[in-house]
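**Student:** Sharing a structure with you now.
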Amino acid sequence: MKIHEYQAKAILAKYKVPVPRGEVAFSAEEATAAAQKIGGSVVVKAQIHAGGRGKGGGVKIVRNAVEATEIAKKMLGMTLVTHQTGPEGRMVKRLLIEETLPIERELYLGIVLDRAQAKPVFMASAAGGMEIEEVAAKSPELILKEAFDPDSGLAAYQARKLAFGMGVPAASINGAVAAMMALAQAYVAVDASLAEINPFILTKDAKVYALDAKINLDDNALYRHKDLLELRDLNEEDPLETEASMFGLNYIKLDGTVGCMVNGAGLAMATMDIIQHAGGRPANFLDVGGGASAEQVKNAFRILLSDHLVKAVLINIFGGILRCDTLATGVVAAARDLNIKVPIVVRMEGTNVELGRKILMESGFNFTVADNMRDAAEKVVRLAA
């Protein structure tokens, strides 16, 4: 689950990571009040779940509350397009009004899970303010890494090693070390899948701050954090993905024309790959799970077909816990209730496969039954075209 910058900073502040003074604003009036409270020059920052806001016009420095009001009126309601939003952009519905700080240097701090080591890895780089992917591609030697045990956290010696490696001056070392250890503590405490501060700044008076912050929360651990669930902003999520989550379905919308419905994440990934290999483009990732009911299959189908880009559908099921006859019953019910017009290719193997195929063939609908995955991919790509 993604959260906004101001929400991430509130979490970091709770764990003693220094953040600039700031307030969220949902209207121009609230932006004015926040700017007056902070005083002097402030930064007006659009709050959307995407990076690159500055280049898209979503971050502006103003001299006073009057200018903050004018900028807030222009930003609120605007469609902000960045390299991460895609051409459709995102509508700005909230702003962060924040104090300006005397920046001396910009650094990068981030934590991700390294599955190979089965530990979180703390990354630090002197190339702050840049996309970490760009740094990794062009100058990987600039990224310093320290794996740490989540139970004991990032050790002081590890934080000092990273700070010295980035060239943090002696006057800022203690502050930087404390901030890094606090970031690691916050990452573990909230069950984050990503925690990033870019840039992490050193000021002219030797202080340190998280000038920007990004935290992604592990959906699988949210049952332990009922308070963090309240941070979810449904306006920032794809409506189809939101609806799918309500039915326990794993759905991610893509931009292709071949709709996919599969049971199991690995098989879903393989299905998308083979569609691409056959010359098509998948319209979605959709894993109905191993124990889906006929009703869940029906809802999955309805959500999948709500995407107007879908021209054909590939159902690829290996019947184990989800029996093939259960899947077939759900598909036929969906086809009947939803008045499906697009062609459907079905490849199924496993438990009750013959019964499942019989249900499909006797349904009265023109389902195309494939012999194997390659056959299914070639047929669905041809039908989608």
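Rundown of residues vs (1) assigned to a strand (DSSP E or B); (2) modelled with pLDDT of 90 or more, yes/no style:
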{"site": "ILE111", "(1), (2)": "yes, yes"}
{"site": "ALA116", "(1), (2)": "no, yes"}
{"site": "MET123", "(1), (2)": "yes, yes"}
{"site": "GLY129", "(1), (2)": "no, no"}
{"site": "ALA136", "(1), (2)": "no, no"}
{"site": "GLU141", "(1), (2)": "no, no"}
{"site": "GLU146", "(1), (2)": "yes, yes"}
{"site": "ASP149", "(1), (2)": "no, yes"}
{"site": "ALA159", "(1), (2)": "no, yes"}
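**Student:** Tell me, yes or no, whether segment 230-247 has at least one residue that is at pLDDT 90 or above, surrounded by fewer than 20 Cβ atoms within 10 Å (Cβ to Cβ) and among the aromatic types (Phe, Trp, Tyr).
**Tutor:** Scanning segment 230-247, I find no residue that is at pLDDT 90 or above, surrounded by fewer than 20 Cβ atoms within 10 Å (Cβ to Cβ) and among the aromatic types (Phe, Trp, Tyr), so the answer is no.
**Student:** Of the residues that make up segment 208-215, is at least one in a helix (DSSP H, G or I) and touching a residue at least 24 places away in the same chain (Cβ under 8 Å)?
**Tutor:** Applying the first criterion (in a helix (DSSP H, G or I)) to segment 208-215 yields none.
Looking for residues that are in a helix (DSSP H, G or I) and touching a residue at least 24 places away in the same chain (Cβ under 8 Å), one finds none in segment 208-215, hence no.
**Student:** Given the conditions (1) buried (at least 23 other Cβ atoms within 10 Å of the Cβ); (2) of a type in the set (D, E, K, R); (3) at pLDDT below 85, which single one is not true for ARG347?
**Tutor:** All conditions are met except number (3).
**Student:** Could I ask something else about it? Can you spot a residue in segment 268-279 that is crowded, with 24+ Cβ neighbours inside 10 Å, more than 21 Å from the chain's Cα centre (by Cα) and not polar (S, T, N, Q)?
**Tutor:** Scanning segment 268-279 turns up at least one residue that is crowded, with 24+ Cβ neighbours inside 10 Å, more than 21 Å from the chain's Cα centre (by Cα) and not polar (S, T, N, Q).
**Student:** Also: Would you say LYS37 is more than 27 Å from GLY128 (Cα to Cα) and modelled with pLDDT of 95 or more?
**Tutor:** yes
**Student:** Here is a list: VAL381, VAL353, VAL369. Which entry is within 17 Å of GLY280 (Cα to Cα) and not hydroxyl-bearing (Ser, Thr, Tyr)?
**Tutor:** On the way: VAL353 fails: within 17 Å of GLY280 (Cα to Cα); VAL369 fails: within 17 Å of GLY280 (Cα to Cα).
Going through VAL381, VAL353, VAL369 in turn, just one is within 17 Å of GLY280 (Cα to Cα) and not hydroxyl-bearing (Ser, Thr, Tyr): VAL381.
**Student:** Identify, from the list VAL262, VAL188, VAL177, the residue that is free of Cβ contacts under 8 Å to residues at least 40 places away in the same chain and not polar (S, T, N, Q). It would help to see each step written out before you state the result.
**Tutor:** Working: VAL262 fails: free of Cβ contacts under 8 Å to residues at least 40 places away in the same chain; VAL188 fails: free of Cβ contacts under 8 Å to residues at least 40 places away in the same chain.
Residue meeting the stated conditions: VAL177.
**Student:** Give all pairs with beta carbons closer than 6 Å in which a residue from segment 64-81 that is modelled with pLDDT under 95 and surrounded by 18 or more Cβ atoms within 10 Å (Cβ to Cβ) meets a residue that is assigned to a loop (DSSP other than H, G, I, E, B) and among the aliphatic types (A, V, I, L, M); count only pairs at least 6 apart in sequence or on separate chains.
**Tutor:** From segment 64-81, the pairs are LEU80/ILE48; LEU80/VAL92.
**Student:** Can you report the number of residues in segment 189-224 which are out of contact with any strand residue (DSSP E or B) (no Cβ under 7 Å at 6 or more places or on another chain) and either modelled with pLDDT of 95 or more or over 23 Å from PRO120 (Cα atoms) (or both)? Before the answer, list the steps.
**Tutor:** So in segment 189-224, the residues out of contact with any strand residue (DSSP E or B) (no Cβ under 7 Å at 6 or more places or on another chain) come out as 189, 205-207, 219-224.
Right, trim to either modelled with pLDDT of 95 or more or over 23 Å from PRO120 (Cα atoms) (or both) and you get 189, 205-207.
Matching residues across segment 189-224 total 4.
**Student:** Now for a separate question. Across segment 74-109, what is the total count of residues that are part of a loop (DSSP other than H, G, I, E, B) and hydrophobic (A, V, I, L, M, F, W, C)? Lay out the reasoning, then the answer.
**Tutor:** Of the residues in segment 74-109, the ones part of a loop (DSSP other than H, G, I, E, B) are 76-78, 81-89, 92-94, 100-102.
The next check asks that each one be hydrophobic (A, V, I, L, M, F, W, C); those that pass are 76, 78, 81, 92, 101.
Result for segment 74-109: 5.
**Student:** Taking the options LEU154, LEU202, LEU183, name whichever one is out of contact with any Pro (no Cβ under 6 Å at 6 or more places or on another chain), touching a residue at least 24 places away in the same chain (Cβ under 8 Å), buried (at least 22 other Cβ atoms within 10 Å of the Cβ) and assigned to a strand (DSSP E or B).
**Tutor:** LEU202
**Student:** Moving to a separate point now. Report, ordered by the first and then the second residue, all pairs with beta carbons closer than 7 Å, sequence separation of six or more or different chains, a first member in segment 30-47 that is among the hydroxyl-bearing types (Ser, Thr, Tyr), and a second member that is buried (at least 24 other Cβ atoms within 10 Å of the Cβ).
**Tutor:** THR32/ALA68
**Student:** If the Cβ limit is 6 Å and pairs must be 6+ apart or interchain, which residue in segment 50-63 that is under 13 Å from GLY89 (Cβ atoms) pairs with which residue that is surrounded by fewer than 15 Cβ atoms within 10 Å (Cβ to Cβ) and modelled with pLDDT under 95?
**Tutor:** ALA50/GLN84; GLY52/HIS83; GLY52/GLN84
**Student:** Condition test on GLY289, is it farther than 12 Å from MET261 by Cα and under 30 Å from the mean Cα position of the chain (by Cα)? Talk me through it step by step, then tell me what you get.
**Tutor:** On the way: farther than 12 Å from MET261 by Cα: no; under 30 Å from the mean Cα position of the chain (by Cα): yes.
No, not satisfied.
**Student:** A further question follows. Would you point out the residue of segment 205-226, among those that are among the small types (Gly, Ala, Ser) and over 18 Å from LEU96 (Cα atoms), that is surrounded by the most Cβ atoms within 10 Å (Cβ to Cβ)? Explain how you work it out, then say what you get.
**Tutor:** In the first step, residues of segment 205-226 are kept if they are among the small types (Gly, Ala, Ser); the result is 206, 210, 213, 221.
Next, from what is left, pick out any that are over 18 Å from LEU96 (Cα atoms): 206, 221.
On the way: ALA206: 16, ALA221: 14.
Among them, the one singled out is ALA206.
**Student:** I've got another one for you. Determine if segment 365-373 includes at least one residue that is touching a residue at least 40 places away in the same chain (Cβ under 8 Å), in a helix (DSSP H, G or I) and either surrounded by fewer than 23 Cβ atoms within 10 Å (Cβ to Cβ) or within 31 Å of the chain's Cα centre (by Cα) (or both). Please lay out each step first, then the result.
**Tutor:** At the first step, the residues of segment 365-373 found to be touching a residue at least 40 places away in the same chain (Cβ under 8 Å) are 373.
So of that shortlist, the ones also in a helix (DSSP H, G or I) come out as 373.
With the extra rule that they be either surrounded by fewer than 23 Cβ atoms within 10 Å (Cβ to Cβ) or within 31 Å of the chain's Cα centre (by Cα) (or both), the set shrinks to 373.
For segment 365-373, residues touching a residue at least 40 places away in the same chain (Cβ under 8 Å), in a helix (DSSP H, G or I) and either surrounded by fewer than 23 Cβ atoms within 10 Å (Cβ to Cβ) or within 31 Å of the chain's Cα centre (by Cα) (or both): present.
**Student:** Collect the residues in segment 211-252 that are hydrophobic (A, V, I, L, M, F, W, C) and within 19 Å of ARG90 (Cβ to Cβ), keeping them in residue-number order. So that I can check it myself, show each step before the final result.
**Tutor:** The initial filter retains those residues of segment 211-252 that are hydrophobic (A, V, I, L, M, F, W, C), namely 211, 213, 215, 217, 221-222, 228-229, 231, 234, 240, 244, 246-247, 249, 252.
Hits for segment 211-252 are ALA213, ILE215, LEU231, LEU234, LEU240, ILE252.
**Student:** If only one of ILE103, ILE97 is touching a strand residue (DSSP E or B) at 6+ places or on another chain (Cβ under 7 Å), surrounded by fewer than 16 Cβ atoms within 10 Å (Cβ to Cβ), closer than 26 Å to VAL43 by Cβ and touching a residue at least 12 places away in the same chain (Cβ under 8 Å), which one is it? Spell out how you get there, then give the answer.
**Tutor:** Details: ILE97 fails: surrounded by fewer than 16 Cβ atoms within 10 Å (Cβ to Cβ).
Going through ILE103, ILE97 in turn, just one is touching a strand residue (DSSP E or B) at 6+ places or on another chain (Cβ under 7 Å), surrounded by fewer than 16 Cβ atoms within 10 Å (Cβ to Cβ), closer than 26 Å to VAL43 by Cβ and touching a residue at least 12 places away in the same chain (Cβ under 8 Å): ILE103.
**Student:** Looking only at segment 36-51, decide whether some residue is buried (at least 16 other Cβ atoms within 10 Å of the Cβ), in a loop (DSSP other than H, G, I, E, B) and aliphatic (A, V, I, L, M). So that I can check it myself, show each step before the final result.
**Tutor:** Filtering segment 36-51 down to residues buried (at least 16 other Cβ atoms within 10 Å of the Cβ) leaves 38, 42-51.
Okay, now just the ones that are also in a loop (DSSP other than H, G, I, E, B), so 47-51.
If we keep only those that are aliphatic (A, V, I, L, M) as well, we get 48, 50.
Scanning segment 36-51 turns up at least one residue that is buried (at least 16 other Cβ atoms within 10 Å of the Cβ), in a loop (DSSP other than H, G, I, E, B) and aliphatic (A, V, I, L, M).
The values are calculated or read from the model by the stated rules, or taken from the named source; none is laboratory data. Keep in mind that what you see is a predicted model, and the values were worked out from it rather than measured. Ideal geometry is used to build each Cβ from the backbone, glycine not excepted, and the neighbour counts take in all protein chains shown.
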